[in-house]
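Worksheet: one structure, shown below.
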Amino acid sequence: MKCVNWGLLRLSELVTLTVNGNKYTAEKGQYILQVARAHGIKIPSLCNLDAVEPYGACRLCIVEITRGTRKRIVTSCLFPVEEGLVVETDSPRVVGNRKMLLDLLLARCSENKVIKQLAAEYGIEKSSFEKEYWTKENCIVCGLCARVCEQVVGVSAISLVNRGITKGPASPYLESAKACIGCGSCYYACPTGAIKMEDKKGYRYIYNWKIKYRLQKCKVCGIEWAPEKQLEYIRKKWDLPKGFFDVCPNCR
Ligand code: FES
């Protein structure tokens, strides 16, 4: 006879919510943004990735919810769905607030392609703030790079430092990030291309964290395919034999 450990079974509770007038079923505890994405409902977002905990930094994912007679604006990446929730993703109030956020972002990142394109989608060609306040930043301080490094890669080589207008991601003491393994997850996760990474002449450079690591050369095809430091980190973590990464995945 088979024994079932009921303690290990987690039965998900389903709830029904309304988004833009249409009814959807979702698991209780899912966030509004997750449900919207699953159903192809577009909500702009910059600081959210499924692989990491939501943080609510960019605020672009705001939506308007109705509970009983009360309406309010919430960040959809952080707000869990519940039975009977009514959500509007593009109400006049949401669009007005989102435009203000994009206006601010555009003043900070006045030459960033991603921000410019998002702003243009809302009819904003240039920031309404005085030009003297515009900067050419690319980083929106969403911290996604640091969260990916900590929660996905597990090395916490970088973090957000300082406060106010000087806040931003950085390596410890602004020196070369010794814990960085050069995997480039921060580069791939960054929504605005603020992290500069390059593979050049046998080395990987991540300029933001001042690192330069030699790339592993495949013993079969000769391609330089990943930083040696990253491969050594994986080899030790998974207790793989020495030389396991001598050949690239294609040749293996
Ligand atoms: S995606 Fe929700 S605040 Fe950035």
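Based on what the data block shows, is residue 222 without any contact (Cβ under 8 Å) to a residue 40 or more places away in the chain and closer than 26 Å to residue 146 by Cβ?
Taking the combined requirement at face value, the residue does not satisfy it.
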Is it the case that the stretch 98-113 has a residue that's open to solvent by 50 Å² or more (accessible area, probe 1.4 Å), more than 16 Å from the ligand (Cβ to nearest atom) and either part of a loop (DSSP other than H, G, I, E, B) or in contact with a Lys or Arg (Cβ under 7 Å, 6 or more places away or on another chain) (or both)?
-> yes
Could you tell me whether the stretch 212-222 includes any residue that is open to solvent by 40 Å² or more (accessible area, probe 1.4 Å), within 23 Å of residue 234 (Cα to Cα) and in contact with a helix residue (DSSP H, G or I) (Cβ under 8 Å, 6 or more places away or on another chain)?
yes
Meets criteria (assigned to a loop (DSSP other than H, G, I, E, B), open to solvent by less than 70 Å² (accessible area, probe 1.4 Å), away from the ligand (no atom under 16 Å from the Cβ) and over 30 Å from residue 186 (Cα atoms)) for residue 84: yes
Within the stretch 129-183, the residues that are assigned to a loop (DSSP other than H, G, I, E, B), buried (at least 16 other Cβ atoms within 10 Å of the Cβ) and among the acidic types (Asp, Glu) are 137
Selection from the stretch 38-62 of residues out of contact with any helix residue (DSSP H, G or I) (no Cβ under 7 Å at 6 or more places or on another chain) and either within 11 Å of the ligand (Cβ to nearest atom) or modelled with pLDDT under 95 (or both) yields 46, 50, 54, 56, 57, 58
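The values are calculated or read from the model by the stated rules, or taken from the named source; none is laboratory data. What you see is a predicted model, and the numbers here were worked out from it, not measured in a lab. Don't worry about glycine lacking a Cβ; one is built from the backbone with ideal geometry, like all the others, and counts go over all protein chains shown. For the accessible areas, the whole protein counts, side chains as well, though only heavy atoms, and no ligand, DNA or RNA atoms are used. Shrake-Rupley method; radii C 1.70, N 1.55, O 1.52, S 1.80 Å.
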